[in-house]
Every structure is written in C-alpha cells, then in structure tokens.
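> Before anything else, here's the structure in question.
Values in this text are rule-based calculations from the coordinates and carry no lab data. If you're wondering where the values come from, they're calculated on a predicted model, not measured in any experiment. Please note: Cβ atoms are built from the backbone with ideal geometry, for glycine as well, and neighbour counts cover all protein chains shown.
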Amino acid sequence: MKLLIADDEYHVIKTIKYLIQLSPLHFDSVLEAGSAREAISILEQEQPEILITDVVMNDATGLDLMNYLNQTDMPVKVIVISGYNNFEYIRAALREGGVDYLLKPIDADQLTAALQKAVDEWQKEDAQRRQTIKHLDMISSMSAVYKETLLQRIMTQPDPDRSYEDLSQVLPDIRQCRNCIVGYFSCAPYLNDTASDTYKVLAAACASFSRRLEEKNAGLCFPNTDDGREFLLFLYHHTSDVLRLAEEQILAIRQLASLPVSFGLSRPVAFPALAGEAMSQARMAFYEQDMFSPAPPCLSYSRVAADHLEARQPAQERQLYSAMITGNETLIDDSIEQWRQAVLPSPPLPLRHGMALTERYNQLLSQWRAEIERQYPKLVLSPSQPLSYCQLLDEHFHFSPELLEKKLKFELSQLFGELTSPGSHPQNDIIYQVAYYIRLNYDKPFSQFACAQLFFINKNYMCRKFKNTFHVSMVSYLNQIRIDRARELLENPGIKIKDIANMVGFEDEKYFSRQFHKNTGMSPNEYRSQLSDKGKGQDS
C-alpha cells in the first residue's frame, strides 16, 4: 500500500513521515509532493491508496485535490490537515469524502488513528469493488454462454424458432439479420484428448476473436458445448471487411495455438430458417480440405464435393490379414503397398477420407484381433491402443502415408509375434497357421510349393505334417472348404453353377462337379434341385 503526503511546507512532510515510522502501520512506500500539481502527477503515475494533504497550498487547495479525485474516480482515501480550525474547511473536506481532518501541529495518536481508519475503509471498499467486478464478469460470462448456447441450438436443432425468440431478447440486433454465414473448425484431426493446454489457448483466442466481431456488431465465435474440440463461427453481418477481419483473426489463432486452424464457411443462407443447413455446409467445407496440403484460413463451401472415396477395401484387407498369418515380411510389405494404393489414390484427397480411413484402420485391427482369439480360444492378446488421425501427421500437420504404412506393419508384426510366441497357446505350431491360411484363401489358386515358400518350410515336411495333424491331405482339406462354401452359394438360384465354381476357387467347372459329387454324392444341379424341392415342401 502506498501513501502520498502533499504539503508545501517540507518540515510538515518530514514530521508526518517520522510519526508514521513510530506507528504500527506499514506502507510499501511513502511519497512526497510539494504542491497540488506535483501531487496530481504522482497520483496518476503511482496510484497511491492513501493521501494526506494540506488544505491550503501555494497553487491550489487540498479540497481541489479531493475534487479532482472524485472526478477521476480514483479509489484514494484522503486525510486533510490544516493549521486553521475552520469549520467550513472541515465540512467541505468531509463532504468531498475525506476520512478525517487533523489540525497542526500533528498529534501522533490522532495521525495513527486517522491512517488506520483510512486503511480500513480502503480495504473494505476494495473488497466490495472486487466482488462487484467478479459479479459483473460472471454476469457477462453467463450472458455470453447463454447467447452461444441459443445460437448453437438454432444451428443444430430442427426447430429453431423458440431459441431464436430467446436470442433476440439478449441480442436485439439479431432481428435485423436476414441471412448468415456459419463457420466450423474441429481440433479432432490435429490433437488428441490430452492436449488440454492447447484447447485452453484455442478457447481464449476464439473468445478474443468473438470480442472483435461483437465490437463490429458482426457475429460470434465460440466452442461447441456438445463437443469441446469444435469451434463455431456465426456471422450475421458478413461484409468484405468482416470476412477480412475473420481471416486475420484465424491466422492469429494459428500463430497462438501452433495449429493449422481453418474454418469451413457456409454460403449466406436465410436466418434462422436455414441455419441448420448452413451448419452442415460449414462442416462439409472443413472436411473437404486437402489432407496433404496447407489450407487457407477460410474454406468456402462448394456443392461440388470431391469424388466419393472408399476406405473399406475387402480384397486388400483380407490379403493383409492373410499375409500376417504367414509372417512373410515380403508378402506383408507387398500387401501393405497394394492396400495403400487402393485406399490412398493420388492427391488431393479430402480430410474426411483421412478420418474415415483412420476409423476403418481401427475397425480392422479390432476385427482381426477378435478373429485370432476366435480361431485360438486359449490365446489372450495384449491390449492395443486405437490409432488417432493426428498420429499420422508430419511436422506440418499434413497426412503421411509413410507413417500409416509404418504403423500398420508394426501392428501386423505384433499380432504375428503373439500368434507364434513359444507357449502362448497350444496351437502355435506353424501347421495350424498353414491350415488357417488355406481357410482364408480357399477361393484363390493353390500350390503346395508356393504355400511352403510363404511359410519358409520344406514342402514335403509341410504336407506330411499337415496330414499327421489333420488326418487329411492339404488338397482334400482345401476342397472340403470349397465344397462347403459352394453348398451355401447353391442356395441362391440366381447364381450360375459355373460362377459358383469360380467363386470358390475351381477354375474348371467339370472338376468342380466331380469334387462336389465325390463329397456329397450328387451333382451341383441335383443338390440345388433337392434344395428347391425342400423349399416347396415347406411352403405347402
């Protein structure tokens, strides 16, 4: 706490300072002013909490100082001193808000009591000021949150009328809005859920952006209360100046958060009727940005979206899984490369595809793990963390196919290692992997020699081991699987028998028919007729 003594007689200042040193009170600094003008300068620069001033000075009076303080609303407590016992001075001093009036020569006890009173009153009023500011801030914050919540409801709920009426009560200018632009940004592609500090920086930066928009009576920017990773922009005045301000502010947010922040922007639409459509457009514009290249701060919506891309590639996914079963690194690398070419054609590619691809990757790993545990019930796989899109970004936040390939190869190697680790389960003998590989690839051309090469074992040893384990030759084992599948397909009368033969891996229809007859005692046509007759009997 600071104290200022203003008197044009230096010996008075010196006496008061001495008496203060003898008192139990402590001040961080005791300032001096030899005139009212000098006192005003110190008041403005140092902002002391307590002022002791003489009533009469050469250039002005202490009452003039008190009047100045009242006009500027400085929270300063004033003690007036004077060599004259003048009632008018006393009354004027008290009227201007003085704490006490002391006569010269200054009595030590009276000075201490007056100072203590001044300190107590200042601290009490300061606590009240702080509480008032806290309440005002809380009210302002609640008002802002209320406005943002209503806007969000208008943009996301099917019937916006009620929310619009409530919003117009707290934001009357909104009634002048006939159309709007909605903006959308999500941190989900760039941050994981543990990046709390960055989320706080983004929230503060967007709040500053919102204040700039409100100053121009142009809109709001705020976090999505349903998903804290998303930020929404609402422009009800969208002149070229406002859009230019938006670009500047978004670039500033990029710098603060060190993230590639870009807002997808809708086209101007009728408000509030089409605010929900604007929200959909903004989200689409955001996710249409190229996942390999830097994006501008504002991404305009276009009705012409990128071609539909499929993250699900069943043939390549099956090949990946089969390659993992063999543990053959060359086959695994080739399968990863073929899969990558299928799911990641030439750039540009939209961000939505990268997100869908990451989701599909996690689905695949989950399915593969479940399939392994189904095939080997006594094998318990170690836990695995799902992949997030941000793990596949380079230092510039661009998607990296190399990181995806590296991650996939690591996961496949981990699965193969657990599948074949010594003592992990009773069926960790390689011949069970051979049998599993045959079941997975029954519809493809089969060669015992090629199969042995995949598993890096001798063909004769493999065939002998297979028959000893399963009590049937590899060819008979494979044909049984093919015939079982063919019987399922024969239930569909719309599929030709020749096509069924090809679908289950037989290149020659006649050979298929012979094997089918050998296994079932009837031809494929006879089997289908029998199914048809059974169906008719059940119908009758």
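> Angle between the Cα long axis of helix 161-170 and the longest principal axis of the chain, 0 to 90 degrees, nearest 10?
With both axes taken from Cα atoms, the answer is about 20 degrees.
> Nearest 10 degrees, 0 to 90: what angle lies between the long axis of helix 275-287 and the longest principal axis of the chain (Cα atoms)?
Orientation of helix 275-287: about 70 degrees from the principal axis.
> Still on this structure, I have one more. Restricting the count to DSSP beta bridges whose residues both fall in the stretch 2-129, what percent are antiparallel, rounded to a multiple of 5? Working shown, then result.
Working: 1 of 19 bridges.
Bridges in the stretch 2-129 are about 5 percent antiparallel.
> Can you give me the P(r) profile for the stretch 359-466? Cα pairs, bins 10 angstrom wide beginning at 0, each as a whole percent.
12, 35, 32, 16, 5, 0
> Okay, moving on. Using Cα-Cα distances under 8 Å and only pairs 6 or more residues apart, what relative contact order does the stretch 429-540 have, in percent?
Values: 82 pairs, mean separation 25.2, N = 112.
Computed over the stretch 429-540, the figure is 22 percent.
> What are the semi-axes of the equivalent ellipsoid of the stretch 177-300, taken as the square roots of 5 times the eigenvalues of the Cα gyration tensor, listed largest first and rounded to whole Å?
Working: eigenvalues 93, 51, 38 Å².
Listed largest to smallest, the semi-axes of the stretch 177-300 are 22, 16, 14 Å.
> If we sort 9-16, 227-234 on the protection proxy, mean other Cβ atoms within 10 Å, highest first, what's the order? The partial results should precede the final answer.
Working: 9-16: 15.4, 227-234: 20.4.
Going from most to least packed, we get 227-234, 9-16.
> A further question on this structure: On a full-extension model of 0.36 nm per residue, what is the gain between Phe456 and Asp59, subtracting their alpha-carbon distance, rounded to one decimal in nm? Present the calculation step by step, with values, prior to reporting the outcome.
On the way: separation 397, 0.36 × 397 = 142.92 nm, distance 10.55 nm.
In short, 132.4 nm is gained.
> Sorted from fewest to most neighbouring beta carbons within 10 Å, what does the list Glu509, Glu310 look like? Each step should come with its number before you reach the end.
Working: Glu509 16, Glu310 12.
Fewest-to-most Cβ neighbours within 10 Å comes out as Glu310, Glu509.
> Once you place label points 7 Å from the Cα toward the Cβ at Ala273 and Lys406, how far apart are they in nm?
5.4
> Moving on to the next point. Out of all DSSP beta bridges with both ends in the stretch 177-300, state the antiparallel percent to the nearest 5.
On the way: 16 of 19 bridges.
Taking every DSSP beta bridge within the stretch 177-300, about 85 percent pair in antiparallel fashion.
> Any chance you could run the full-extension gain for Asp290 through Tyr10? It's 0.36 nm times the residue separation minus the Cα-Cα distance, nm to one decimal. Spell out each step's value before the answer.
Details: separation 280, 0.36 × 280 = 100.80 nm, distance 7.55 nm.
Net length gain for the segment: 93.3 nm.
> Rank the residues Cys390, Cys221, Cys451 as a footprinting-exposure proxy: fewest other Cβ atoms within 10 Å of their Cβ go first. Write down the numbers at each step before the final one.
Working: Cys390 15, Cys221 27, Cys451 21.
Fewest to most other Cβ atoms nearby, the residues stand as Cys390, Cys451, Cys221.
> Just the number: Rg to Rh for the chain, Cα atoms, Kirkwood Rh, two decimals.
Working: Rg = 41.0 Å, Rh = 31.7 Å.
Rounded to two decimals, Rg over Rh is 1.29.
> Please state the shape class of the stretch 314-425: rounded when a/c is under 1.5, otherwise prolate if a/b exceeds b/c and oblate if not, all from the C-alpha gyration tensor.
Details: a/c = 2.14, a/b = 1.79, b/c = 1.19.
Because a/c hits 1.5 or more and a/b exceeds b/c, the stretch 314-425 counts as prolate.
> Taking the Cα atoms only, what angle lies between the long axis of helix 351-375 and the longest principal axis of the chain, rounded to 10 degrees?
Tilt of helix 351-375: around 50 degrees.
> Something else now. Treat every Asp and Glu Cβ in the chain as -1 and every Lys and Arg Cβ as +1, leave all other atoms uncharged, and give the resulting dipole magnitude about the Cα centre to the nearest 20 debye. Walk me through the intermediate numbers first.
Details: 56 positive and 70 negative charges, 747 e Å.
Using Cβ point charges on Lys, Arg, Asp and Glu, the chain gives about 3580 debye.
> Further, regarding this structure: Pairs of alpha-carbon atoms within less than 8 angstrom and 6+ residues apart define the contacts here; what relative contact order does the stretch 177-300 have, in percent?
Numbers: 202 pairs, mean separation 42.7, N = 124.
Contact order relative to length: 34 percent.
> In the structure displayed, which of Lys378/Lys409; Lys444/Lys510; Lys2/Lys124 lie more than 21 Å apart, Cα to Cα?
Lys378/Lys409
> Which peptide among 457-467, 377-387, 197-207 comes first, and what is the full order, when sorted by highest mean count of other Cβ atoms within 10 Å? Each step should come with its number before you reach the end.
On the way: 457-467: 14.7, 377-387: 11.6, 197-207: 16.4.
Final packing ranking: 197-207, 457-467, 377-387.
> Can you tell me how the stretch 2-129 classifies by the Cα gyration tensor, rounded, prolate or oblate, using a/c under 1.5 as the rounded cut? List each step's numbers first, then the result.
Numbers: a/c = 1.19, a/b = 1.04, b/c = 1.15.
The shape class here is rounded.
> Over the Cα atoms of the stretch 429-540, Rg to Rh with Kirkwood Rh, two decimal places?
Numbers: Rg = 16.3 Å, Rh = 15.3 Å.
Rg/Rh: 1.07.
> I would also like to ask the following. So for each of 187-193, 239-245 I average, over its residues, the number of other beta carbons within 10 Å; can you give me the resulting order with the highest mean first? Don't skip to the answer; put the middle values down first.
Values: 187-193: 17.6, 239-245: 13.1.
By packing density, highest mean first, the sequence is 187-193, 239-245.
> Now for a separate question. Which of Ser258, Ser168 has the fewest other C-beta atoms within 10 Å, and how do the rest follow up to the most?
By the 10 Å Cβ count, ascending, the order reads Ser258, Ser168.
> Relative contact order for the stretch 314-425 using alpha-carbon pairs under 8 Å, separation at least 6, rounded to a whole percent? Kindly include the intermediate steps, with their values, before the conclusion.
On the way: 63 pairs, mean separation 35.4, N = 112.
Across the stretch 314-425, relative contact order equals 32 percent.
> Run the numbers for Asp120 and Thr225: contour at 0.36 nm per residue of separation, minus the present Cα-Cα distance, in nm.
Details: separation 105, 0.36 × 105 = 37.80 nm, distance 4.40 nm.
Stretched fully, the Asp120-Thr225 segment lengthens by 33.4 nm.
> If each of Ala207 and Thr420 carries a label point 7 Å out from its Cα toward its Cβ, how far apart are those two points in nm?
5.7
> While we're on this one: Would you mind getting me the FRET efficiency between Thr72 and Glu395? Use the beta-carbon distance for r and R0 = 45 Å, nearest 0.05. Walk me through the numbers before you get to the answer.
On the way: r = 53 Å, r/R0 = 1.17.
FRET efficiency, Thr72 to Glu395: 0.30.
> Right, something else. Could you give the nm distance between label points at Val475 and Ile106, where each point is 7 Å from its Cα heading toward the beta carbon?
Reported label-point gap for Val475 and Ile106 is 11.8 nm.
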